[in-house]
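The values are calculated or read from the model by the stated rules, or taken from the named source; none is laboratory data. What you are looking at is a predicted structure, and each value in this text was computed from that prediction instead of being measured. Virtual Cβ from ideal backbone geometry, glycine too; neighbours counted across all protein chains shown. Heads up: the accessible areas ignore ligands, DNA and RNA and are worked out on the full protein's heavy atoms, side chains in. Shrake-Rupley method; radii C 1.70, N 1.55, O 1.52, S 1.80 Å.
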Amino acid sequence: MFDRQASLLIQPLVTGLAKTAARLGLSANQLTMTAFCIGMFASYSIATGAYLTGATAILTSRLLDALDGAVARLTQATDAGGFLDITLDFVFYASVPLAFAFSDPARNALPAAVLLAAFMGTSASFLAFAVLAAKRGLNNLNTPNKSFYFLGGLTEAGETLVCFLAMCLWPDAFIELAYGFAVLCGITTVIRIHWGWQAFH
């Protein structure tokens, strides 16, 4: 919902860091893999109860994830890089609720499962729209630098990041946060299905 505004806000920082990374010879794919590995470390930290470490690692991972696209645009963007980026992003997003389930199975397993099911709805509607938009040659003018059509909604990357950080800062509120965000994801899925039906009908 606020991804575009947040991107514009941090764009000068990301661009500056991307230029430095490119000068150092770091490739976009290297940044993508590094972001993913740090994200997996974040999930491991959460699973073992080190929530603040997990929050720090999540922030670091997402910063690098913002950098990989910027570096790709400064050097050479490829479809393979775009594919790697989005695939590993979805794996990372799924790993965080799972990590909370591992941290306290008796308490967190059910809300984590509900949130993961809600993530399936948002990811399926997002990717299905992107596939058919590419088939029809559609582009989202709000995100012209993305590898494919980025469909919006109530729960985009920015909202998910805020939710994950809140879970790490207040782990005792995981149940309420998970169910609340699952509801928002459900609304996003319904909105995207409506948009897709209207666009492709």
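For segment 139-147, does any single residue satisfy the condition of being among the basic types (Lys, Arg), at pLDDT below 85 and surrounded by 13 or more Cβ atoms within 10 Å (Cβ to Cβ)?
The answer is yes; a qualifying residue exists.
Considering only segment 16-27, I want to know if a residue exists there that is hydroxyl-bearing (Ser, Thr, Tyr), out of contact with any Cys (no Cβ under 7 Å at 6 or more places or on another chain), open to solvent by 40 Å² or more (accessible area, probe 1.4 Å) and at pLDDT 95 or above.
no
Suppose we filter segment 102-126 for residues that are open to solvent by less than 20 Å² (accessible area, probe 1.4 Å) and closer than 15 Å to LEU177 by Cα; how many remain?
5
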